[in-house]
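Let me begin by presenting the structure, written as structure tokens, before commenting on it.
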Amino acid sequence: MTSLSDCARPEIALPGQYQFIDQIGEGVNGAIFRARDRNTGAEVILKCFASQQRGAYLREMAASFGLSHPNIARCLDTFYLADGSGWMVYQFLPDGTLRDLLQAQGRPELKLVLKCLRDLLNALGYLHRLGLIHCDVKPENLLVRRAPGALADFVLGDLGAASFVREAYEGRHTTGSPAYAA
């Protein structure tokens, strides 16, 4: 795992545009931080890939960068630091994940379930039209976006395990979380 010590040591300076707020997660391929974009004032997500994770960084960047769909988390920027770590900048959605929602609310209403399925299928359909397979659909990777007076929207995130269809046909695809593998 990539940790805070691999990515956010005090001596590592982020590009002037970004300021660390806190670490919010850690995964197999990267540590995840909340930060502020000084140019816009908006909070963003920074995902760090230590230098030994260069392949994972390039894979996620190839799958994520340039996608434009309302139900897929937007990759806003990417950069390398002098220590060889690769960084990706994603939009920040402060309302948590589907997992958080289910734990807080319990069994959701049918209309919310249907909205979640519609948003997820729209996101997956878009990826499939581009020749991508997500490979890690799970409640932790479905982000919630709330608007006052409306049902929540769901946004698919974490394309770190995404695979191109041609790789899947050739048996060279990656897998996501084993408990959610098809």
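The values are calculated or read from the model by the stated rules, or taken from the named source; none is laboratory data. A quick note: this is a predicted structure, and the numbers were derived from the prediction, not measured. Please note: Cβ atoms are built from the backbone with ideal geometry, for glycine as well, and neighbour counts cover all protein chains shown. When the accessible area is computed, the model is the full protein with side chains, heavy atoms only, and any ligands, DNA or RNA have been set aside. Shrake-Rupley method; radii C 1.70, N 1.55, O 1.52, S 1.80 Å.
A few points about this structure:
- Extension gain for Leu117-Ile21 works out to 31.3 nm (0.36 nm per residue, less the C-alpha to C-alpha distance).
- Accessible carbon and sulfur surface of the range 1-145 relative to its total accessible area, %, 1.4 Å: 55 percent
- Amide H to amide H, with H built 1.01 Å from N, Leu132 comes under 5 Å of Val165, counting only residues 5 or more places away or on other chains.
- Value of Rg to Rh for the chain (Rh from inverse mean 1/r over Cα pairs, i.e. Kirkwood): 0.97
- Once all protein chains are placed together, Val165 keeps about 40 Å² accessible to a 1.4 angstrom probe.
- Charge dipole of the range 33-182 about the Cα centre (unit charges at C-beta), most positive-ward option of His69, Leu112, Phe164: Leu112
- Cβ-placed point charges (K, R +1; D, E -1), dipole of the chain about Cα centre in debye, nearest 20: 460 debye
- Computed helical MRE - 222 nm, the chain, DSSP H runs ≥ 4 contributing -39500 (n - 2.57), nearest 500: -7500 deg cm²/dmol
- Per residue, the accessible area of the range 50-96 comes to 44 Å², computed with a 1.4 Å probe over protein heavy atoms only.
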